[in-house]
Amino acid sequence: MINGLKRAAALGAATVALAAGAVVGTVGTASAAPQDHRHRPPAASHHCAKVGGHWVRQWHPAYRDRHHRWHPGQWTRVWRPAHQECHR
């Protein structure tokens with residue numbers, strides 16, 4: 001009985017020590033991570049350009065409709081409205 005209690009106490013103490021070591025190790029690793037915020041480019045250098053609306057050609061692939069009729073692929077013209085394109 002005494003040996004069982006000693007074993008349980010030792011196992012509990014070892015578990016607590018391992019858990020505390022894992023927490024301290026995680027905190028130490030997180031705080032040691034490099035935090036380099038100085039090299040982020042300013043917002044103006046993202047190279048954004050406003051693109052006007054324009055027509056583009058878009059390919060529509062061939063398909064078979066619900067009546068099993070075959071429709072070949074075709075090019076259509078699609079209007080792309082004005083938008084802003086940003087390239088980093």
**OP:** Determine the sum of side-chain charges near His54: Lys and Arg each +1, Asp and Glu each -1, restricted to other residues whose C-beta is under 15 angstrom from that of His54.
**Re:** +3
Subject >> Whole-Hz couplings from phi, Karplus 6.51/-1.76/1.60, listed for region 47-59; x for Gly and Pro >> reply: 6, 8, 9, 7, 10, x, x, 7, 8, 10, 8, 10, 8
Subject >> Derived scalar couplings ³J(HN,Hα) [region 72-84; Karplus, 6.51 cos²θ - 1.76 cosθ + 1.60; whole Hz; x for Gly, Pro] >> reply: x, x, 8, 8, 10, 9, 10, 7, 9, x, 4, 7, 10
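No value in this document is a laboratory result; all are computed from the given coordinates. Because the structure is predicted, anything quoted here is derived from the model rather than measured. Ideal geometry is used to build each Cβ from the backbone, glycine not excepted, and the neighbour counts take in all protein chains shown.
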